[in-house]
Amino acid sequence: MRDNRTKPAATKPMLAAAVKAARSAGELMQRNLHAAKKVTEAVQHDIKLELDVRCQKRIGRLLLTAYPEIALLGEEGVDGDPESHYRWVVDPIDGTVNYAYGIPHACVSIALQARTRPDQPTKNAPVDFQTLIGVVYDPFREEMWTAMRGQPARLNGRTTRVSQRANLNEAVISLGFAKHEDGLRKMLPQFQQLVPRVRKIRIMGSAALDLVYVASGRMDAYLEAGVRLWDIAAGGLIVECAGGDFRWRLVSGGTLFQVVASNGKLNRQLQNFFQ
Ligand code: IPD
């Protein structure tokens, strides 16, 4: 099972299951965008909603029914056997603060990862898992990004590619301002350095959408100093499958990462980021 499942033909039904789950959670998000929302936790730079949990439950029900042997690691908790060879990595609502305030810029993010063999470390992967499938769904624009490792990235079924812009002064770069003080402290100097050098800086509030916007050439790069695995696992693969570059480095706790994603042409100009 282990080896077959990593082949595209075998991962296709898993992609279909992830797409179905993303649509189902997206439908709940869509329906409740302007409804009064129950806040379950609020700190200075972050909010958690009861809807986050409901969306993850929907996703979990569908994925665990289809694949009971695959664990689920989500922003809202873990389900299934933590020792399993595969895991779904789920952010039920990425861009929760946007969503809580009624801003229709948020999405569902689902990745499927497989454990790497200790004797075969994966290039450029700071975790013991490799992402095989990525699905990011924006229910407000009905945009579904999908990728399977080794295949072209797709947006609503059509191949999608990163931009060709090679000069920083033409680039639109998205920055993520995390909820942690440490991340904020690291991002502010980057913001100051980049603002005068690029065409525009954007701070959109959804890491997964930032990544797929890079994958589709709408933006040229996305940078963040402290972002969680479930925000970036699916989008990172989608960037790579769209011809871009996704660099991530573990910061702490096994799930917090620094990320530099780009169209691959701006790498040299962004190489000092986070040094
Ligand atoms: C957040 C968003 C935001 C990013 C934060 C994330 P959440 O995810 O992706 O853009 O800057 O680091 O935590 O909490 O909305 O799922």
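The values are calculated or read from the model by the stated rules, or taken from the named source; none is laboratory data. This is a predicted model, so every value here is computed, not measured. With ideal geometry, Cβ positions are generated from the backbone for all residues, glycine too; neighbour counts draw on all protein chains shown. All accessible areas refer to the heavy atoms of the entire protein, side chains included, with ligands and DNA or RNA removed. Shrake-Rupley method; radii C 1.70, N 1.55, O 1.52, S 1.80 Å.
Quick notes on this structure:
- With respect to being surrounded by 17 or more Cβ atoms within 10 Å (Cβ to Cβ) and either in the same structural domain as Ala22 (by TED's automatic domain parsing) or β-branched (Val, Ile, Thr) (or both), Ile238 fits the description.
- From the options Ala178, Ala166, residue that is in a loop (DSSP other than H, G, I, E, B), touching a Gly at 6+ places or on another chain (Cβ under 6 Å), more than 21 Å from Ala18 (Cα to Cα) and of a type in the set (A, V, I, L, M): Ala178
- Failed item, numbered, when Gln190 is tested on (1) within 22 Å of Gly254 (Cα to Cα); (2) outside any loop (DSSP other than H, G, I, E, B); (3) touching a residue at least 40 places away in the same chain (Cβ under 8 Å); (4) assigned by TED's automatic domain parsing to the domain that holds Glu240: (1)
- Here the stretch 167-193 is the region considered, the condition is being away from the ligand (no atom under 12 Å from the Cβ) and hydrophobic (A, V, I, L, M, F, W, C), and the residue that is most open to solvent (accessible area, probe 1.4 Å) is Leu188.
- Listed by first and then second residue, the pairs linking a residue in the stretch 61-89 that is in the same structural domain as Ala21 (by TED's automatic domain parsing) and farther than 25 Å from Glu50 by Cα to a residue that is within 16 Å of the ligand (Cβ to nearest atom) and part of a helix (DSSP H, G or I), with Cβ atoms under 6 Å apart and 6 or more places separating them unless they lie on different chains, form an empty list.
- The residue pairs whose first member lies in the stretch 226-246 and is over 25 Å from Leu184 (Cβ atoms), whose second member is within 15 Å of the ligand (Cβ to nearest atom) and in a loop (DSSP other than H, G, I, E, B), and whose beta carbons are closer than 7 Å, counting only pairs six or more residues apart or on different chains, do not exist in this structure.
- Within the stretch 195-205, the set of residues being within 16 Å of the ligand (Cβ to nearest atom) and either under 19 Å from Ser163 (Cβ atoms) or open to solvent by 60 Å² or more (accessible area, probe 1.4 Å) (or both) comprises Ile201, Arg202, Ile203, Met204.
- Hey, Ala225 in a strand (DSSP E or B), small (Gly, Ala, Ser), open to solvent by less than 70 Å² (accessible area, probe 1.4 Å) and not assigned by TED's automatic domain parsing to the domain that holds Gly77 or not: yes
- With respect to the conditions (1) within 16 Å of the ligand (Cβ to nearest atom); (2) open to solvent by less than 60 Å² (accessible area, probe 1.4 Å); (3) polar (S, T, N, Q), Thr116 lacks only one, and its number is (1).
- Residues (touching a residue at least 40 places away in the same chain (Cβ under 8 Å), open to solvent by 30 Å² or more (accessible area, probe 1.4 Å) and more than 12 Å from the ligand (Cβ to nearest atom)) located in the stretch 24-43: Glu27, Gln30, His34, Lys37, Val39
- Inside the stretch 69-84, residues that are among the hydrophobic types (A, V, I, L, M, F, W, C) and over 19 Å from the mean Cα position of the chain (by Cα) make up a count of 1.
- Unmet requirement for Leu15, which otherwise passes all of (1) within 28 Å of Phe177 (Cα to Cα); (2) touching a strand residue (DSSP E or B) at 6+ places or on another chain (Cβ under 8 Å); (3) touching a residue at least 24 places away in the same chain (Cβ under 8 Å): (1)
- Any hit, the stretch 93-111, residues being open to solvent by 50 Å² or more (accessible area, probe 1.4 Å) and of a type in the set (Gly, Ala, Ser): no
- Output for the stretch 46-90, where each listed residue is closer than 12 Å to Leu112 by Cα, within 15 Å of the ligand (Cβ to nearest atom) and not β-branched (Val, Ile, Thr): Leu73, Gly74
- Summed over the stretch 241-256, residues that are in a strand (DSSP E or B) and crowded, with 24+ Cβ neighbours inside 10 Å total 1.
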